[in-house]
Structure formats: C-alpha cells, structure tokens
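Take a look at the structure below.
None of the figures in this text is laboratory data; all of them are computed from the coordinates on show. Treat the numbers as computed from the prediction; the structure is a model and nothing was measured. Here the Cβ positions follow ideal geometry from the backbone for every residue, glycine too, while neighbour counts run over all protein chains shown.
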C-alpha cells in the first residue's frame, strides 16, 4: 500500500521522465544539426536540461523531508532502475565513465583538448573523494543502527506495543534521529551528483555538452523502457 508521499512522487516522476524523453528528442535533433546551430541555441537547450534536473532534486528534497525511507525502496522505479542506484540516485563517478565511452568509441563524438582532460581528471578525483566520504558516513550510520542502545530501544518498542509512555517516546525520538541523519546523507549525495554534472558541463564546449546530455538522457530513458518491459514480461509469466 503506497503512502501519500509515494503516490505524489510517483506522479511527479512519471511526468518528469516523459519530459526528459521530449528533451532527448530535441538533443538528438541538435546532435544531427550540430554544425548549423548557433551557440545561443545550443546553450538554450543545455539550460533546459539543467533546469529539468534541478527540478527533480527540488521535488525530491521536498519529499524526503516527509519520508526519506520511501527513496530507498522507490515504487516509481522498476527493478532494473533500482539496480543502478547509489544512495537513492546515480553514482556521480559513472558520469565520467559515460564521457570516456563517448571519447573512446569507434567514431568519437567528444574530442577533448589537453586543458579539458586535465580539468576533468581533477574533477574525477574530487568526485571520487566525495563518494568515499559519503560511503564512510553511510557505514557509520549502519553501525549506529546496530548499536546496542538502538537494539535495546527496538526491543523496548516491541514490548510496549501501542502503549503511550516514556518508552514509546524514546523509541520514536531515536528513530527520528536516525531518519534525520539519513536525510542529510541523501542530500549530501545529491549535492555531489549536481556538482559533478555542473562541473562536467562547465568544462565541455556547448556541442560537447549536447552530446554528453543526449547520452545521459538516452541511458536513463532506455533503462526505464527495458526495465519496464522486463518487469511486465516477468509478471505476465508469473500470473
């Protein structure tokens, strides 16, 4: 049974993905006409995509303020999409692997000069450092969950059941504290995602940004399509 936050974000996400598909179509048109489009036109399209991604995180942060746990078992994603998740979203370092594939393909679509390569490598190192910092914090969170005091509070909560009192208040306070800590980690991970995306786009020239954003959008859209098809087939066999 979905709660209010899940229902609301499900509706938002379906609309967001639909709009991403429309932007992907525009990116592919720009890609095919890259030599005839002006820099102003390309930058306008890039701004639309960055605003679209920011809108996602604005909605997400509003939702996790109400129910952060919903994002660790998101009902709006299929199993394939969930399998690619790192702390409720894409892992920032994967953006560099995608960029590497564009550069090393048989017919490279993104050709970088030495200064760009150096700046991207510096950003890659910083991103990896941020990922490791957040992963370390997540490990500490998991240790805290298994802390003896938390275990005792959980047992206490089971014993008191629905009875109101000091014990119930202690359990609720402890759970709320852990949820608040988890929310901070999710937002920290999202900040790294946004900083990485902005950092890459700042280094690339407008035509290169279009190529990169098209590849990223195509991956996300196809992941959803393949995952939905696979999920629907599995369910039809199981019925």
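Tabulated results
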read-out	value
Residues within region 68-81 that are over 19 Å from residue 134 (Cα atoms) and surrounded by fewer than 16 Cβ atoms within 10 Å (Cβ to Cβ), tallied	3
In region 43-76, the residues that are without any contact (Cβ under 8 Å) to a residue 12 or more places away in the chain and in a loop (DSSP other than H, G, I, E, B)	73
Search result, residues across region 4-39 that are surrounded by fewer than 17 Cβ atoms within 10 Å (Cβ to Cβ), touching a residue at least 40 places away in the same chain (Cβ under 8 Å) and more than 21 Å from residue 57 (Cβ to Cβ)	28, 31, 34, 39
